[in-house]
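One structure is given here, and the rest of the page talks about it.
The values are calculated or read from the model by the stated rules, or taken from the named source; none is laboratory data. What you see is a predicted model, and the numbers here were worked out from it, not measured in a lab. All Cβ positions, even for glycine, are placed from backbone atoms using ideal geometry, and neighbour counts span all protein chains on display. When the accessible area is computed, the model is the full protein with side chains, heavy atoms only, and any ligands, DNA or RNA have been set aside. Shrake-Rupley method; radii C 1.70, N 1.55, O 1.52, S 1.80 Å.
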Amino acid sequence: MNSVSVSDANRNFSALPKSYEPEKTEARRRAFWEEQRLFTPDLGKSAEAGTFSIVIPPPNITGNLHMGHALNLTLQDILCRRRRQLGEQVLWVPGADHAGIATQNVVERRLEKEGISRHDLGREAFVERIRQWKDEYGDNIRRQIKAMGASVDWSRERFTLDEGLSRAVRKVFVRLYHEGLIYKGTYIVNWCSRCRTALADDEVEHRPLKGALYLVRYPLEDGSGHILVATTRPETMLGDTALAVHPEDGRHLGLIGKKARLPLLDRLLPIIADPYVDREFGTGVLKVTPAHDPDDWHLGHKHGLEFIRIMDEDGDINDKGGVYRGLSMEKARETVVADLREGGFLKEVRPYEHNVGHCYRCSSVIEPLLSEQWFVAVKSLAEKARAAVPEQTRIFPSSWLKTYYNWLDNIRDWCISRQIWWGHRIPAWTCDACGEQTVREETPQHCPKCSGSSLTQDPDVLDTWFSSALWPFSALGWPDKTPELERFYPTSILVTGFDILFFWVARMMMMGLHFMGEAPFRRCYLHALVRDAQGKKMSKSRGNVIDPLEMTARYGTDSLRFTLASFAAMGRDIRLSEERIEGCRHFMNKIWNAARFALMNAEGLSESPCPDGVRGLHHRWILYRLEELKKLQHAALDEYRFNDAAQGLYRFVWNDLCDWYLELIKTDLRGEERPVAQAVLFAVLRETLVLLHPFIPFITSEIWDALPGRDAVRDIALTPFPAPRDVAAYAGDAGRMELLQGAVTAVRTIRAELNIPPAHKAAALIRPLTPEAHALFEDRRQVLMSLAGLDKLETDPAVEAPKASARSVSCGNEIIVPLAGLVDFAVEAARLDKELAKLDKERAALAAKLANPAFVEKAPAEIVERDRARVTELGEAEVKLRVFREIFSA
RNA sequence: GGGCAGUUAGCUCAGUUGGUGGAGCAUCGCCUUCACACGGCGGGGGCCACAGGUUCAAGUCCUGUACUGCCCACCA
């Protein structure tokens, strides 16, 4: 350590303003971190202290950082910074996601404003346009991640659509294809007409919608009447190819095998029987539309029905819809219903609420549609993903386990082809000559079957989540055998929101296990959603969005980070309010001023570290409390109890360090005790800063660099997390501090309640319970007097108290404040009554408990003993107070 | 229709293995005390949703009820 000169300390102090000003320090701090490349692990170094790695959940390039990101980044950063301080090799990989549909939509909307569509531009120009857009706005995300103070390694930044990741995607696709796990087929898929693409099942959001149940008459072919059908989607009748009833439904037995006439189009429909039909629903007759409903699709195959697709890719009725051709599905419904009514086919319209699928990207209604798409056969992959939890990967909080299992158990094949242009192009080619399909990593020059040289690549791109699923290993360099992959896979933990458990987490598990043979992360921490103060989801339309960058600008990044960490109780949503952030800013200011106080008193600080075996009671107490804090930090952070860790820091700094310790040493600093007090003060401050640093990196760095005598070359970010100190011997002193605190508080309470002005230096008498307490009060009389605002203090077991005194009992010690006409007796009597009532209530409850033989018999001896001691203590205090009370009523 | 959370001070929330309930903000009183008024000191405020059960002892474990929120689900 360097020695400290006075001028250093003075200069540092004068550099610190009275309040912490984050806006003046954060930019400089960020620049420094980046220049120093502090967060780039040195792979040349051995990793004996351990390794720790996280891949960032890559934010969409379209997006602005929202509170969810802020929380996500904060939690990861806390973990990473702490591990770095523990001496481990830490790699946190940053990056962004190309977000196929979302990004394409954003850019398309921009083009719309210019009056052009992507089709006007053509595929290549359009993709180029998005790339430009990405280059322009991608930096936005980067800047925002930096703003949060995230200690990521920018030298290893990745993008889900960069060249390396494209190679990974192609390799994965080809391998799965050859393993038979990727196939192409024609099935009912979820179709978003606005995005003009198919979607996976989990990309569809089901929302209740008020619609209607239409009862439609289908005339029987033989003219013997009609059959009544219930449907919520009358427009799809244009694609009906059968009617179905339950084979044991007595009402319709005679109809099976007959034919009905489709109203409006006049097509003949066979009436079939299938146990799938629910007799209870509607009329018990189901209209079958095999090309537009997943269940009807099954029926269609089972019964060999015709598949008539009536909708085109824009969501309009096609040629098959006769006169309805060209109408949107919505418009078609209106028209069909009107025509049915006019033709006398519509019997009834009942209001009916049911769930309707919506696109998770644009909220349009999803149409089930028969379409040829690529799929991943996920069953075997899902089984592996299921089996790996919790053995290989532990999920926190464990309440998500069931949800995870349940989803994997009921998973259906994953539709991965998207009819958009922005994304990883599917590496499949069709020979123009012979129609042979080739799936290869590199563009084939010739058809392997007919040697034709004219091949057309599949126009579709892959679901964004397909490339996201590879992120933990692709971001580390796979398929190359990189040192990063070698050292950091599997990653230590994945930190993400529970909302993408299925989209992302489960799929990473599948792909990681399949291609790397190991789960992609050892742990998975699913954090909550950030909501507004009323518990509502933040959204632009609601107007309740709290913008993280606005908050950091107003209160400082550390304030926001600390707020989020304090709220991050496992398994519960976060209700964020600006007031809370403001409260945390006060905490930052408190820390700042504690440091200022230390620096103001740094003059003459010897550079010796905190001496072992310091003697002062309060020193031993604060060191003891500090050790308890360290233990808490380890325990809490090892279990991701961020809120507990944050709260522990808050309490230690504010209640222990500032409220008591700094006040206690003020007298020391003016006298002979100064060197010891300084040494302990700075030792405690340094370690506290290191403990705080993972949560609030900016302010702690700023203070750290202002401290005298620090290791000049070492940044706080690389300063070892403080090792525990053996303070077992201090435990007794820590306990004795309570006597002191109790006495001080007792005098203060008397003064406050009797309205003795602070300016009035009172005198106090203490009648100690034991000789030890007596010695203690004598030993610390200076401090006691200054904290309680006394000008005179007498401690004596036999002290005679004047009648006109206010009295209290603390830990058995009698605290007496002679009043000498300062206050009237009635006020003091009332105060004593209140205190007595409080004691009495507690004592009565305990006494009742102890009177119960079952308790005394069955409860652990130490509990009984503790309660007995407490009851005795309360009894004694009560007796004393009662005596005082007598005096006043006499 | 299944599954999962939640119901604790006026508000927003903590409460590890069961041992007489805490914080922030708000509120009331006093204080411009030489780190901090983004402060200090002191106070008030809670049948821990409801009903049972287990236990010597339940905010904490079990069962049920009532609300609230979320997720999943092909009944037209």
**Prompt:** Can you tell me which residue in the range A:598-629 is nearest to A:Pro675 (Cα to Cα), limited to those that are within 15 Å of RNA strand B (Cβ to nearest atom) and touching a Pro at 6+ places or on another chain (Cβ under 9 Å)?
**Reply:** A:Ala602
**Request:** Could you please give the count of residues in the range A:149-179 that are open to solvent by 10 Å² or more (accessible area, probe 1.4 Å), in contact with a helix residue (DSSP H, G or I) (Cβ under 8 Å, 6 or more places away or on another chain) and over 30 Å from A:Arg81 (Cα atoms)?
**Result:** 1
**Complete:** Only one of (1) open to solvent by 60 Å² or more (accessible area, probe 1.4 Å); (2) away from RNA strand B (no atom under 14 Å from the Cβ); (3) under 27 Å from A:His178 (Cβ atoms) does not apply to A:Ala377, and that is (1)
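Matching residues to (1) in contact with an Asp or Glu (Cβ under 7 Å, 6 or more places away or on another chain); (2) open to solvent by 60 Å² or more (accessible area, probe 1.4 Å); (3) within 25 Å of A:Ala806 (Cβ to Cβ); (4) β-branched (Val, Ile, Thr):
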| site | (1), (2), (3), (4) |
| --- | --- |
| A:Lys834 | no, yes, yes, no |
| A:Lys838 | no, yes, yes, no |
| A:Asn852 | no, yes, no, no |
| A:Val856 | no, no, no, yes |
| A:Ala861 | no, yes, no, no |
| A:Val864 | no, no, no, yes |
| A:Asp867 | no, no, no, no |
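Matching residues to (1) polar (S, T, N, Q); (2) open to solvent by less than 10 Å² (accessible area, probe 1.4 Å); (3) touching a Lys or Arg at 6+ places or on another chain (Cβ under 8 Å); (4) under 24 Å from A:Leu381 (Cβ atoms):
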residue: A:Arg418; (1), (2), (3), (4): no, yes, no, yes
residue: A:Trp422; (1), (2), (3), (4): no, yes, no, no
residue: A:Glu441; (1), (2), (3), (4): no, no, yes, yes
residue: A:Lys449; (1), (2), (3), (4): no, no, no, no
residue: A:Thr456; (1), (2), (3), (4): yes, no, no, no
**Message:** Need pairs with beta-carbon distance below 7 Å; first residue part of a loop (DSSP other than H, G, I, E, B) and within the range A:630-655, second more than 10 Å from RNA strand B (Cβ to nearest atom); sequence gap 6+ or separate chains.
**Reply:** A:Tyr640/A:Phe396; A:Tyr640/A:Tyr525
**Request:** Out of A:Ser559, A:Ser539, report the one residue that is out of contact with any Leu (no Cβ under 9 Å at 6 or more places or on another chain) and in a helix (DSSP H, G or I).
**Result:** A:Ser559
**Item:** Top-ranked residue in the range A:809-843 [being within 15 Å of A:Arg870 (Cβ to Cβ) and not in a helix (DSSP H, G or I); ranked as nearest to RNA strand B (Cβ to nearest atom)]
**Value:** A:Ser810
**Request:** With the condition kept exactly as written, say whether any residue in the range A:232-245 is of a type in the set (D, E, K, R), surrounded by 15 or more Cβ atoms within 10 Å (Cβ to Cβ) and either farther than 23 Å from A:His301 by Cα or under 46 Å from the mean Cα position of the chain (by Cα) (or both).
**Result:** yes
**Message:** I'd like the full set of residues that are closer than 15 Å to A:Ser889 by Cβ and free of Cβ contacts under 8 Å to residues at least 12 places away in the same chain, limited to the range A:835-858.
**Reply:** none
**Asked** Out of (1) open to solvent by 10 Å² or more (accessible area, probe 1.4 Å); (2) on the phi < 0 side of the Ramachandran plot; (3) in contact (Cβ under 8 Å) with a residue 24 or more places away in the chain, what's the single condition that is false for A:Asn813?
**Response** (1)
**Given (1) more than 13 Å from RNA strand B (Cβ to nearest atom); (2) of a type outside the set (A, V, I, L, M, F, W, C); (3) farther than 30 Å from A:Leu669 by Cβ; (4) surrounded by fewer than 18 Cβ atoms within 10 Å (Cβ to Cβ), number of the condition A:Asp796 does not satisfy** = (3)
**Request:** Select from the range A:658-680 the residues that are part of a helix (DSSP H, G or I) and among the small types (Gly, Ala, Ser) and write down the one among them that is nearest to RNA strand B (Cβ to nearest atom).
**Result:** A:Ala677
**Message:** If I go through the range A:722-760 residue by residue, how many of them are among the hydrophobic types (A, V, I, L, M, F, W, C), open to solvent by 20 Å² or more (accessible area, probe 1.4 Å) and more than 11 Å from RNA strand B (Cβ to nearest atom)?
**Reply:** 5
**Message:** With the requirement that a residue be under 16 Å from A:Asn593 (Cα atoms), among the charged types (D, E, K, R) and more than 16 Å from RNA strand B (Cβ to nearest atom), what does the range A:687-713 give you?
**Reply:** A:Asp705
**Residue check, A:Met509 away from RNA strand B (no atom under 12 Å from the Cβ), open to solvent by 50 Å² or more (accessible area, probe 1.4 Å) and within 30 Å of A:Leu43 (Cα to Cα)** = no
**Asked** Where in the range A:11-119 are there helices (runs of 4 or more DSSP H), lying wholly inside it, with at least 2 residues that are without any contact (Cβ under 8 Å) to a residue 40 or more places away in the chain and not aromatic (Phe, Trp, Tyr)?
**Response** A:22-36, A:100-113
**Prompt:** If you go through the range A:339-369 one residue at a time, how many are hydrophobic (A, V, I, L, M, F, W, C) and open to solvent by 30 Å² or more (accessible area, probe 1.4 Å)?
**Reply:** 4
**Request:** Could you please let me know if A:Thr186 is of a type in the set (Ser, Thr, Tyr), at negative phi and within 11 Å of RNA strand B (Cβ to nearest atom)?
**Result:** no
**Message:** Looking only at the range A:486-517, how many residues end up being assigned to a loop (DSSP other than H, G, I, E, B) and within 25 Å of the chain's Cα centre (by Cα)?
**Reply:** 2
**Fill in**
Of the conditions (1) in a loop (DSSP other than H, G, I, E, B); (2) within 12 Å of RNA strand B (Cβ to nearest atom); (3) of a type outside the set (Asp, Glu), the single one that A:Leu846 does not satisfy is (1)
**Asked** Which ones in the range A:859-890 are polar (S, T, N, Q) and touching a residue at least 60 places away in the same chain (Cβ under 8 Å)?
**Response** A:Ser889
**Item:** Top-ranked residue in the range A:241-291 [being part of a strand (DSSP E or B) and small (Gly, Ala, Ser); ranked as farthest from RNA strand B (Cβ to nearest atom)]
**Value:** A:Ala260
**Asked** Quick one: how many residues across the range A:341-357 are more than 11 Å from RNA strand B (Cβ to nearest atom) and either part of a strand (DSSP E or B) or touching a helix residue (DSSP H, G or I) at 6+ places or on another chain (Cβ under 7 Å) (or both)?
**Response** 6
**Asked** Condition test on A:Ala595, is it away from RNA strand B (no atom under 12 Å from the Cβ), small (Gly, Ala, Ser) and modelled with pLDDT of 80 or more?
**Response** no
**Prompt:** Quick one: what pairs do we get from the range A:545-571, first residue open to solvent by 10 Å² or more (accessible area, probe 1.4 Å) and within 11 Å of RNA strand B (Cβ to nearest atom), second assigned to a helix (DSSP H, G or I) and hydrophobic (A, V, I, L, M, F, W, C), C-beta under 7 Å, 6+ apart or different chains?
**Reply:** A:Tyr555/A:Ile581; A:Ser566/A:Ala646
**Complete:** Restricted to the range A:24-81 and to residues being of a type in the set (Ser, Thr, Tyr) and under 25 Å from A:Ser474 (Cβ atoms), the residue surrounded by the most Cβ atoms within 10 Å (Cβ to Cβ) is A:Ser53
